[in-house]
Amino acid sequence: MIVEYIRYTIPADQQADFEAAYARAAASLRAAPECADYELTRCQEDSASYILRIRWTSTPDHLEGFRKGEHFPAFFAEIKPYFHAIQEMRHYDTVTEVTGTGGANPTLYAWAGGAEALDRLFTRFYEHVADDEILAPVFAGMDPHHAQHVAAWIGEVFGGPAVYSTEHGGHRHMASRHLGRHLTETQRRRWVSLLQDTADEVGLPNDPEFRGVFSYYLEWGTRMALIYAGDNPPPLPETPMPKWDWGITPPYRG
């Protein structure tokens, strides 16, 4: 992904029309497969200053795809009257490691209760697994530290310390552990439902926002496990650890 920033200076008597024009032009951005998201903002200190931020899948996708594609003519027709007001129009790449979230919302890891809560969850979960007729055969002979390893994985995915990536091999290693396992949909569903039941048992937060994101991750993670456990798995990932956050449902604080 790359980010395009377009900075405008718009006089006060043109601002309503300018914002309305971009509201109409946004239909083209919503329809464009090259566009990930966009946002038009106005400066608080200088109300004449606007910045349009657009995330594109790549610079070539923007310049060769969108600008030469079917959606650009309608887009440009709306914003053309304000082209002269552009002060800056550039693409920026996210190549630095300076990124993160602020303290407005805690990480999922912190909200869950940190390492102690996740260790408690997975220790109890794998105790149940040993007695479960569907899952016990899958985990027969598992490493005695397996529960702690999974807790470290989930902890890092949920914004906790980088324990799994630094001590247990990261994303590639986790995917490799599923190769040749030939897991079934029945086993996947049972793993998810048993873990959710165990989360209730050990007192993991049960607010709708956390449990919604928790369930979202479990569905994604277990379905990826099925893919790697199948007959024709994709190449092992070389990507960093997945990162989960609150998305569109931040924690409710009353």
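At-a-glance table
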| read-out | value |
| --- | --- |
| Near pairs, Cβ below 7 angstrom, 6+ apart or cross-chain, from the range 55-78 (among the aliphatic types (A, V, I, L, M)) to any residue that is surrounded by 13 or more Cβ atoms within 10 Å (Cβ to Cβ) | 74/28 |
| Verdict on residue 133 being free of Cβ contacts under 8 Å to residues at least 60 places away in the same chain, of a type in the set (D, E, K, R), open to solvent by 10 Å² or more (accessible area, probe 1.4 Å) and not in a helix (DSSP H, G or I) | yes |
| Count - residues of the range 4-35 that are surrounded by 15 or more Cβ atoms within 10 Å (Cβ to Cβ) and within 24 Å of residue 64 (Cβ to Cβ) | 11 |
| Residue list for the range 103-130, restricted to those being over 26 Å from residue 161 (Cβ atoms) and surrounded by 13 or more Cβ atoms within 10 Å (Cβ to Cβ) | 128 |
| Verdict on residue 87 being exposed (fewer than 13 other Cβ atoms within 10 Å of the Cβ), without any contact (Cβ under 8 Å) to a residue 12 or more places away in the chain, of a type in the set (S, T, N, Q) and farther than 30 Å from residue 154 by Cα | no |
| Wholly within the range 159-254, helices (runs of 4 or more DSSP H) carrying at least 1 residues that are in contact with a helix residue (DSSP H, G or I) (Cβ under 9 Å, 6 or more places away or on another chain), of a type in the set (Lys, Arg) and surrounded by fewer than 16 Cβ atoms within 10 Å (Cβ to Cβ) | 185-202, 208-229 |
| Test: residue 147 is touching a residue at least 40 places away in the same chain (Cβ under 8 Å) and buried (at least 16 other Cβ atoms within 10 Å of the Cβ) | no |
| Every pair of residues 6+ apart whose Cβ atoms lie under 9 Å, when the first sits in the range 39-53 and is in contact (Cβ under 8 Å) with a residue 40 or more places away in the chain while the second is hydrophobic (A, V, I, L, M, F, W, C) and assigned to a loop (DSSP other than H, G, I, E, B) | 49/10; 49/43; 50/10; 50/43; 51/43 |
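The values are calculated or read from the model by the stated rules, or taken from the named source; none is laboratory data. From a predicted model like this one, the values you see are computed outputs, not experimental measurements. Please note: Cβ atoms are built from the backbone with ideal geometry, for glycine as well, and neighbour counts cover all protein chains shown. Ligands, DNA and RNA are stripped out before the accessible areas are found, and what is left, the full protein with its side chains, is counted by its heavy atoms. Shrake-Rupley method; radii C 1.70, N 1.55, O 1.52, S 1.80 Å.
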